[in-house]
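Undergrad: Have a look at the structure that comes next, please.
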């Protein structure tokens, strides 16, 4: 039912904005530390914190430094982190076997964090791009990114992460049928409580550039990802993908990128009511940081405002590189 508003002067809508106390009483949405997931990049080495040039303030960390970051996140009240491996070209192969190696950067980091910071939830990335010599999320055969062979590899990757102790599996590859296959493998492997947060509506976006630098995929990528990631012009297709992944066993779903796709976030939440997340991706982060460093915007206020937009659109949580900075601000 459409709300009825009295005419002026009986209705002075500014009354509800007259003080911080009153604004707080009528505020429709609230951003909290518990809404945040912090993406962290893991690399080889020991004692390494390597800046990502296109993402000011973001580091590639060796496993020991990743453990320290996990402790920082837990101390700030951030409930979850998401691990992404950085791999150089010399670590990539055509068969992508490193993706399910129990000793890869991600799996070693999971075990180390679970030992040192057991209270924090660990999310992982499931896609072949960081292990693939050509930078694609799936196997490439005669120039085609093949689906079913890729799904078989993704299942092995997800199971290896679950065996290492991951709490949340994040398939980001956009292959058809991978959620059902991964859920079945997790169930048969006894990993009944491992959750799946599906990148169900992931668009073929130009906002991913800095991320590909961060994981070492920029130099490796041949071609584009438009045959498996979504067309930015499509909206109804996102709902079909969300419905499919939920029926195949996804516990939570994600829209990626974030701010340019708030309409999709809202439609997903209103249609399905399932736990809905958004990823404030590297390009979004880099633009805000660049404008902040040039003195063009109030960076702290824009950080908070951008994240509140996700809450207003119906998101239950946000993956954001701003997580530790925002957590410190909110805790104050």
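Every read-out reported here was derived from the displayed coordinates using simple, explicitly stated rules and does not represent laboratory data. Predicted model, so just to flag it, every value in this text is computed and none were measured. Cβ atoms come from the backbone with ideal geometry, glycine included; neighbour counts cover every protein chain shown.
Undergrad: Determine the relative contact order of region 48-136: mean sequence separation of Cα pairs under 8 Å and six or more apart, normalised by residue count, in whole percent.
TA: On the way: 108 pairs, mean separation 30.1, N = 89.
RCO, region 48-136: 34 percent.
Undergrad: Let me ask something additional. Rounded, prolate or oblate, given the Cα gyration tensor of region 86-195, with a/c below 1.5 counting as rounded?
TA: Details: a/c = 2.44, a/b = 1.36, b/c = 1.79.
Because a/c hits 1.5 or more and a/b fails to exceed b/c, region 86-195 counts as oblate.
Undergrad: Cα gyration tensor of region 1-129, axes a ≥ b ≥ c as square roots of the eigenvalues: rounded (a/c below 1.5), prolate (a/b > b/c) or oblate? Show your work: numbers first, answer last.
TA: Values: a/c = 3.20, a/b = 2.68, b/c = 1.19.
Prolate, because a/c is 1.5 or more and a/b exceeds b/c.
Undergrad: Related question: Taking the chain as the reference, fit the longest principal axis to its C-alpha atoms, fit the long axis of helix 262-272 to the helix C-alpha atoms, and give the angle between the two in degrees, 0 to 90, nearest 10.
TA: Roughly 90 degrees between the two axes.
Undergrad: Further question: What nm distance separates the two modelled labels at residue 103 and residue 64, each placed 7 Å from Cα along Cα→Cβ?
TA: 1.8
Undergrad: Would you mind pulling out the separation of the Cα centroids of region 62-113 and region 173-218, in Å?
TA: 15
Undergrad: Once you have a ≥ b ≥ c as the square roots of the Cα gyration tensor eigenvalues for region 171-243, tell me rounded if a/c is under 1.5, and otherwise prolate or oblate according to whether a/b is larger than b/c.
TA: Numbers: a/c = 2.56, a/b = 1.44, b/c = 1.77.
Since a/c reaches 1.5 but b/c is at least a/b, the shape of region 171-243 is classed as oblate.
Undergrad: For the chain, take the longest principal axis of its alpha carbons; what is the angle in degrees between that and the long axis of helix 236-248, to the nearest 10 within 0 to 90?
TA: Value to nearest ten degrees: 60.
Undergrad: Nearest-5 percent of antiparallel DSSP beta bridges in the chain? The partial results should precede the final answer.
TA: Working: 5 of 38 bridges.
Of those bridges, close to 15 percent are antiparallel.
Undergrad: Here's a follow-up. Express in whole angstrom the spacing between the alpha-carbon centres of region 299-332 and region 31-60.
TA: Rounded to whole Å, the Cα centres lie 16 Å apart.
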